[in-house]
2 protein chains.
Amino acid sequence: MKKLSILKIGGKVIDNQTELTHILKIFTKIKGPKILVHGGGQKANKLSKQLGIPTNIIEGRRVTNKETLDIATMVYAGLINKQIISQLQKHNTNSLGLTGADLNVIKADKRKVKKHDFGFAGDIKMVNTKVIKMLIKKEIVPVFCAITHDQKGQLLNTNADTIASNLAIALSPFYKVKLIFHFDKKGVLKDAQNEDSVIKKITPKKYLALKNKGIILNGMIPKIDNAFHALDHQVNKVIISGNHSKGTKICL
Amino acid sequence: MKKLSILKIGGKVIDNQTELTHILKIFTKIKGPKILVHGGGQKANKLSKQLGIPTNIIEGRRVTNKETLDIATMVYAGLINKQIISQLQKHNTNSLGLTGADLNVIKADKRKVKKHDFGFAGDIKMVNTKVIKMLIKKEIVPVFCAITHDQKGQLLNTNADTIASNLAIALSPFYKVKLIFHFDKKGVLKDAQNEDSVIKKITPKKYLALKNKGIILNGMIPKIDNAFHALDHQVNKVIISGNHSKGTKICL
């Protein structure tokens with residue numbers, strides 16, 4: 001089975017030109033088939049603020065109304081995606097920017113209103129592996145942003161970590177997939193104040209212990225849950241890391 | 001030789017949801033290979049105004065500074081392009097949104113500073129016909145926005161009419177190309193006040209006469225120049241038209 005690397009970049013890395021250039025350069029050097037997935041950084045929030053659009057957050061999750069969806073589409077699919085593509089082309093990495101709507105590559109359903117209405121948030125229903133395999137065969141590097149669609153004419157906002165792990169799972173029957181979550185820390189830290197306290201390896205048992213001790217908390221929990229979910233679904237390897245570090249290996 | 005239709009949509013059609021939906025539906029019904037090129041409408045200007053970014057125009061041409069390039073990238077490559085893609089997918093037209101940077105499909109040079117500095121404006125140097133032919137062969141419909149790149153990491157703003165005619169010319173050795181410039185009028189009008197005064201056919205001789213009489217003026221001149229330029233370079237057919245009209249045929 002051929003190897004496939006899926007690199008997700010997010011957090012402050014997107015907003016910091018030096019850090020972004022650094023990780024993109026590393027990405028261009030990865031040999032063999034590869035996919036990039038990027039989040040939005042702080043630019044969308046900043047633009048919302050400038051335009052006087054209030055950010056509505058329910059239980060830690062952002063509500064995507066019509067205005068914030070337009071801003072997400074502009075910033076993720078427009079500005080950030082195309083800046084990344086032009087940087088990759090500079091290094092002769094033949095890349096193609098994609099939302100889920102392009103080539104109908106990721107179809108999602110608008111999240112059902114239960115206790116709360118999260119607006120135009122999309123839950124992934126289908127990854128078009130056929131078209132992704134075709135691109136990879138043509139040595140094209142797909143670059144996904146955090147926008148999907150419902151195939152009924154509606155764009156939807158979908159978390160970039162979720163896109164990365166769904167891609168990894170969907171492509172695991174065809175490739176030996178290595179999934180790397182890259183962010184602004186060096187990995188999962190034992191001590192949030194100490195960048196050199198990277199935990200080398202996390203197993204389910206260790207994860208439970210670290211959660212109980214309050215060492216792993218907040219935004220790191222869904223990230224690691226995502227990682228275990230991917231491993232449970234035949235993804236070969238999951239790493240959580242940052243610049244200048246081997247990061248944390250998540251294993252079953 | 002296979003036929004290829006290139007439809008460029010622009011003007012107020014982009015800003016009017018009903019008109020846009022109408023022309024996109026017509027586009028989905030065109031049989032055989034096809035390409036869509038879209039302009040930006042008034043959304044970019046509106047956003048610039050909201051963000052307090054001044055629009056600088058020299059001799060009728062907009063100057064693209066860093067801020068206006070970012071806005072163009074957000075609005076053209078993000079918002080408008082992806083809304084069009086999601087609409088086309090709804091009608092089972094398998095489309096792919098592209099800037100010139102994606103797949104390195106259109107390479108441009110930053111316009112040289114002569115009398116004036118137009119900033120990040122791009123003059124087209126290369127159309128990657130190989131990759132476009134590959135997409136068409138896979139029954140993928142490319143949808144181009146008015147952003148190109150220099151392959152050195154810089155995105156550039158390039159007029160959508162120019163992109164459409166450059167695509168038409170570059171693809172004419174491989175297809176019998178029909179190029180349609182679609183906008184908010186029914187065609188080239190004899191009387192600007194009368195929507196039903198569409199001129200059916202314009203030859204170079206007639207064009208000269210109409211220009212001399214002051215019937216064809218302003219923004220229509222570069223549009224028709226572009227059309228004749230395309231015909232001079234083996235493009236098979238050029239039409240300037242609007243909704244609910246056969247438009248004006250430009251012929252040598």
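Evaluate E = 1/(1 + (r/R0)^6) for A:Lys115 and A:Lys31, where r is the Cβ-Cβ distance and R0 equals 60 Å; express this FRET efficiency to the nearest 0.05.
Values: r = 47 Å, r/R0 = 0.78.
Once the sixth-power term is evaluated, E becomes 0.80.
For the range B:183-231, what is the convex hull (Cα atoms) projected area averaged across all directions, in square nanometres?
Details: hull surface 13.7 nm².
Projected over every direction and averaged, the Cα hull of the range B:183-231 covers 3.4 nm².
Shown here for the range B:143-183: trypsin sites (Lys or Arg not before Pro) in loop regions (DSSP other than H, G, I, E, B) with at most 14 other Cβ atoms within 10 Å, namely B:Lys152.
Nearest 5 percent is fine: what portion of the DSSP beta bridges confined to the range A:30-160 is antiparallel? The antiparallel fraction comes to roughly 55 percent. For the range A:98-208, the square roots a ≥ b ≥ c of the C-alpha gyration tensor eigenvalues yield an a/c of 1.5 or more together with a/b not exceeding b/c, which makes the shape oblate.
Note on the range B:3-184: dipole from Cβ charges, positive end direction compared against B:Ser172, B:Thr18, B:Gly119; the farthest Cα belongs to B:Ser172. Computed about the Cα centre, the dipole magnitude for the range A:30-160 is approximately 280 debye when only Lys and Arg (+1) and Asp and Glu (-1) carry charge, each at its Cβ.
Cα extents for the range B:1-85 along the principal axes, largest to smallest and rounded to whole angstrom: 46, 29, 21. Here the protein assembly as shown is treated with +1 on each Lys and Arg Cβ and -1 on each Asp and Glu Cβ, and its dipole about the Cα centre works out to around 1400 debye. Springs between Cα atoms under 10 Å define the GNM used for chain B, and in it the highest mean-square fluctuation of B:Ile239, B:Ile80, B:Ile26 occurs at B:Ile26.
Once the Cβ-Cβ distance of A:Lys246 and A:Lys125 is raised to the sixth power relative to R0 = 41 Å, the FRET efficiency obtained is 0.75. Provide, for q = 0.25 Å⁻¹, the log10 of I(q)/I(0) from a solvent-free Debye sum over equal Cα point scatterers in the range A:207-252. Each listed q corresponds, in turn, to -0.99. Size of the protein assembly as shown from its Cα atoms: along the principal axes, largest to smallest, the extents are 85, 49, 48 Å. Expressed in units of 2.2 N^0.38 Å, where N is the residue count, the Cα radius of gyration of the range B:3-184 is 1.00. Loop-located trypsin sites (Lys or Arg not before Pro) in the range A:69-112 (DSSP state other than H, G, I, E, B) with a sparse environment of at most 10 neighbouring Cβ atoms within 10 Å: A:Lys112. The charge dipole of chain B, taken about the Cα centre with unit charges on the Cβ atoms of Lys, Arg (+1) and Asp, Glu (-1), comes to about 840 debye, rounded to the nearest 20.
What number, rounded to the nearest 500 deg cm²/dmol, is the helix-based mean residue ellipticity at 222 nm of chain A, given -39500 (n - 2.57) per DSSP H run of at least four residues and division by all its residues? Each step should come with its number before you reach the end.
On the way: 8 runs with 81 residues, N = 252.
Calculated at 222 nm, the ellipticity per residue is -9500 deg cm²/dmol.
Between A:Ser241 and A:Phe181, A:His182, A:Phe183, A:Thr248, the built amide H atoms are under 5 Å apart, and every one of these is 5 or more places off in sequence or on another chain. Of A:Pro33, A:Leu88, A:Val143, which is farthest on the positive side of the dipole of the range A:30-160, counting Cα position, with +1 on Lys and Arg Cβ, -1 on Asp and Glu Cβ, and the Cα centre as origin? Comparing the listed Cα positions along the dipole, A:Pro33 ranks first.
Throughout, read-outs are computed from the coordinates displayed, never taken from laboratory work. Note that the coordinates shown come from a computational prediction; the quantities given were computed from them, not determined experimentally. Quick reminder, even Gly has a Cβ in these numbers, built from the backbone with ideal geometry, and neighbours come from all protein chains shown.
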